[in-house]
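Chemist: First, the structure itself, so that you have it in front of you.
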Amino acid sequence: MKDILLTGFRGTSSELLVEKAGCRSLILPNDKVLDGQLLLAELKRQDYEYVFSFGQKPNIRDKVYLETTARNGNKCLHTDFAYGELQELLAAEKIEVRISDHAGTSFCNALYWNGLDYIHNRKMKTQMLFLHIPFSRNITAADFFERILRSLKSC
């Protein structure tokens with residue numbers, strides 16, 4: 001997967017997924033400020049066509065949430081990524097998909113906000129999408145990560 005950056009948070013199911021991808025990846029230390037700084041440094045270092053960031057969402061099992069919106073107080077930023085095709089590809093892989101406009105209130109949302117804000121303010125062509133996946137213990141299919149990665153590659 002060329003010109004694609006995948007990010008995940010250390011010690012989570014997102015780290016496990018990103019490590020399986022075999023492409024440029026950034027494992028983040030679970031620090032709201034440092035996570036954003038590391039992502040922005042990577043975006044300054046290299047142009048990416050796509051950034052897919054992964055986080056884990058409690059209380060979901062065997063499904064993926066495609067996050068459309070990051071929030072900072074009363075402000076919202078929406079992704080430019082046309083996620084409909086990815087939604088269809090994931091569904092074809094028998095992965096239940098939910099579209100969400102709430103990336104959370106902590107690390108995931110902070111990272112998404114920092115990335116989208118940087119991309120939008122610099123009028124970059126990079127498209128970013130945040131995806132929530134289950135905790136490892138809530139994934140029942142052994143090939144769950146592989147099916148997600150196949151969908152990303154096809155998209």
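The values are calculated or read from the model by the stated rules, or taken from the named source; none is laboratory data. Just so we're clear, the structure is a prediction, and the values are computed from it rather than from any experiment. Counting neighbours? That spans all protein chains shown, and the Cβs are built from the backbone with ideal geometry, glycine included. Ligands, DNA and RNA are stripped out before the accessible areas are found, and what is left, the full protein with its side chains, is counted by its heavy atoms. Shrake-Rupley method; radii C 1.70, N 1.55, O 1.52, S 1.80 Å.
Chemist: Could you do me a favour and compute the accessible area per residue for region 1-89, 1.4 Å probe, result in Å²?
Modeler: About 51 Å² of surface per residue is accessible.
Chemist: Search the structure for amide H atoms under 5 Å from the amide H of Asp80, placed 1.01 Å from N in the peptide plane, and list their residues when 5 or more places away or on another chain.
Modeler: Under 5 Å from the amide H of Asp80: Met128.
Chemist: Output the relative contact order of region 66-155, whole-number percent, from Cα pairs under 8 angstrom with separation of 6+ residues.
Modeler: 40 percent
Chemist: When only Cα pairs under 8 Å and 6 or more residues apart are kept, what is the percent relative contact order across the chain?
Modeler: Relative CO of the chain lands at 32 percent.
Chemist: Would you work out what percent of the accessible area of region 61-155, with all protein chains in place, is carbon or sulfur (probe 1.4 Å)?
Modeler: It is 46 percent, rounded to a whole number.
Chemist: What is the sum of charges, Lys and Arg at +1 and Asp and Glu at -1, for the other residues whose Cβ falls under 9 Å from the Cβ of Gly8?
Modeler: -1
Chemist: In the neighborhood of Tyr112, defined by Cβ-to-Cβ distances under 14 Å, what is the net charge if each Lys or Arg adds +1 and each Asp or Glu adds -1?
Modeler: -1
Chemist: Could you sort out which of Lys20/Lys57; Lys32/Lys123; Lys44/Lys94; Lys57/Lys153; Lys20/Lys75; Lys32/Lys94 sit more than 29 Å apart by Cα distance in this structure?
Modeler: Distance filter (> 29 Å) returns Lys44/Lys94; Lys20/Lys75; Lys32/Lys94.
Chemist: For Arg61 and Lys94 in the same chain, what is the full-extension length gain: residue separation times 0.36 nm, less their Cα-Cα distance, in nm?
Modeler: Additional length available on full extension: 10.6 nm.
Chemist: Here's another thing I want to ask about it. Rounded to the nearest 500, what is the 222 nm mean residue ellipticity of the chain from helices alone, with -39500 (n - 2.57) per DSSP H run of 4+ residues and division by all residues?
Modeler: The helix-only estimate for the chain comes to -11500 deg cm²/dmol at 222 nm.
Chemist: Let me ask something else about it. Alpha carbon centre of region 49-82 versus region 106-135: separation in Å?
Modeler: Their Cα centres are 7 Å away from one another.
Chemist: I've got another one for you. Fully extended, how many nm does the chain gain between Asp31 and Lys75 (0.36 nm per residue separation, minus their Cα-Cα distance)?
Modeler: Contour length minus the Cα-Cα distance gives 13.7 nm.
Chemist: Tell me which label goes with the value of Rg and Dmax of the Cα atoms in Å computed from the coordinates here: (1) 20.7, 61; (2) 18.4, 69; (3) 14.1, 41.
Modeler: Only one option fits the structure, namely (3).
Chemist: Under a Cβ-Cβ cut-off of 11 Å, what is the net charge of the residues other than Asp143 that fall near it, where Lys and Arg count +1 and Asp and Glu count -1?
Modeler: Net local charge, Asp143 excluded: +2.
Chemist: Oh, and also: Would you mind giving the three semi-axes, in whole Å and largest first, of the ellipsoid equivalent to region 1-47 according to its Cα gyration tensor?
Modeler: 16, 16, 5
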